[in-house]
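The values are calculated or read from the model by the stated rules, or taken from the named source; none is laboratory data. Here the structure is a predicted model, which is why all the values come from computation and not from measurement. Quick reminder, even Gly has a Cβ in these numbers, built from the backbone with ideal geometry, and neighbours come from all protein chains shown. SASA here: full protein model, heavy atoms, side chains in, ligands and nucleic acids out. Shrake-Rupley method; radii C 1.70, N 1.55, O 1.52, S 1.80 Å.
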Amino acid sequence: MQKSFTVGNKTFVLDQKKAEQAFQEKRIINGRESMTFNLLPLKYNWAYEIYKTMKANHWEPEDVIMNRDIEQWKDEGQVSDIERWIIMMGVGYFSAAEGIVGDNILHVIREKVTAPELKLVLGRHAHEENVHADSLLYMISSLGINPHECEAMFEDIPTIVKKNEFVTRHSYALRNDVDLTITENKQKFAKNVFLFGQCMEGTQFYGMFGMILSLYRQNKFRGIGEMFRYTLRDESNHIELLRNLFMDLIEENPDVWTSEFKEDLRSTMAEAIELEKEFISDCLPVDSIGLSKTEFLDYIDYIASRRLEGVGLEPLVQNAQNPLPWLAEMMDIKKEQNFFEGRVTEYQKASSLEIESDDDL
Ligand code: FE
Ligand code: MN
């Protein structure tokens, strides 16, 4: 099938068959390079759908009012030392973590995938990590926290150092040219996608999300809580994006999915859980009002089980129960839409284009 266009004395012939073949060769990895910037026709519809959802969720840190948070931060009578420490640990951990995720998305994942719709949504993902990093800058400067203190936390709080090292060591190894036709290298890449999506963003972010939202529920640091709610909504999309990417990668590369590899991923999650539990213990050396350390530790087992099941892996703890049902309500991806309903609309652009996600694209 060929179509020719004649313009003046020139004729251009377009070969539909060749274009269709290029489309057939769209892949998560090792796809046809000539398709690099050609979004249509879409093969990974879910990627474009998530991209549209992400765009509609746009938010700006500076739109959040911080007056009350500033007042509480300065007044000994309004919040306790432990509550202030949780905020310090939150800004200390996330200031580094958001950047680490964004950097890995750009320099490892987006770099290695070959389908353009994946590059599109991953570019948005990296942008959102910038917004999150910027929100922490806004929190730090609003509260008047010394930025050097925040920087020092990356180096001086061992549980933060360990959480960061756990993810960066799996990222730097993949920054050079890696031959992704070799099973072992494909597994390294798949592990990176699993580690960042399910272990880090999906599990290791949730101890702090839980603690900050517990404070929010008690009307403490509502501005910070609001920013974390927006961040959490974004993270839900990131986890789902990287979960879909992982599942399609496995489907296209069944050689990756060996029983040894599955066990490797489960033990990686076990390590993530251990590090997160140590981190929570540093955030909450003693229980505080409405904040029970044991409940947060159990919550991590629960959320990690959900992440493992989400990618078809056996959970590490059988029948883990959710000790914080109110938190599940806030964090449930499907319910989140209602949870945020009030504010989301303010940021939604009325012009967002409706495109059918099916085969016609
Ligand atoms: Fe983030
Ligand atoms: Mn994220």
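Determine the dipole magnitude for the range 23-85: charges of +1 sit on the beta-carbon of Lys and Arg, -1 on that of Asp and Glu, nothing else is charged, the reference point is the Cα centre, and the result goes in debye to the nearest 20. The partial results should precede the final answer.
Details: 9 positive and 12 negative charges, 170 e Å.
Result for the range 23-85 is approximately 820 debye, rounded to the nearest 20.
Separation of the range 217-293 from the range 1-43 is 40 Å, based on Cα centroids.
Can you give the net charge of the other residues whose Cβ lies under 13 Å from the Cβ of Gln24, counting K and R as +1 and D and E as -1?
Net charge around Gln24: +3.
Taking 14 Å as the straight-line reach from the Cα of Lys55, the aspartates and glutamates in range (excluding those fewer than 8 positions away in the same chain) are Glu128, Glu129, Asp234, Glu235, Glu346, Glu354.
Taking the Cα centre as origin and putting +1 on Lys and Arg beta-carbons and -1 on Asp and Glu beta-carbons, what dipole magnitude results for the range 64-333, to the nearest 20 debye?
Working: 26 positive and 46 negative charges, 67 e Å.
That gives a dipole near 320 debye.
Placing dummy labels 7 Å off each Cα toward the beta-carbon, the span from Phe23 to Asn176 is 4.0 nm.
In square nanometres, what is one fourth of the surface area of the convex hull spanned by the alpha carbons of the range 55-96? The partial results should precede the final answer.
On the way: hull surface 16.3 nm².
Mean projected area for the range 55-96: 4.1 nm², to one decimal.
Evaluated over the range 64-333, the count of Lys pairs having alpha-carbon atoms less than 17 Å apart is 11 (only pairs 8 or more residues apart or interchain). In terms of its Cα atoms, the chain spans 82, 48, 37 Å along the principal axes, sorted from long to short. Is any residue of the range 171-187 close enough, with backbone N under 19 Å, to a label point placed 7 angstrom from the Cα of Thr258 along the Cα-Cβ axis, and if so, which? Those under the cut-off are 179-187. The 3J(HN,Hα) values that the Karplus relation (6.51, -1.76, 1.60; θ = phi - 60°) gives for the range 239-246 are, in residue order, 5, 5, 4, 6, 5, 4, 4, 4 Hz. Gly and Pro appear as x. Only Cα pairs within less than 10 Å get springs; with that Gaussian network setup on the chain, which residue of Ile145, Ile239, Ile160 has the largest fluctuation? Most flexible of the set in this elastic network: Ile145.
Per-residue extension of 0.36 nm, minus the Cα-Cα distance of Gln218 and Ile65, leaves a gain of 53.3 nm for this segment. Placing R0 at 22 angstrom, the Cβ-Cβ distance between Thr183 and Leu106 gives a FRET efficiency of 0.30 after rounding to 0.05. For the range 1-96, carbon and sulfur atoms together expose 53% of the accessible surface, with a 1.4 angstrom probe and every protein chain in place.
Extension gain for the segment Gln2 to Trp326, taken as residue separation times 0.36 nm less the Cα-Cα distance, is 110.7 nm to one decimal.
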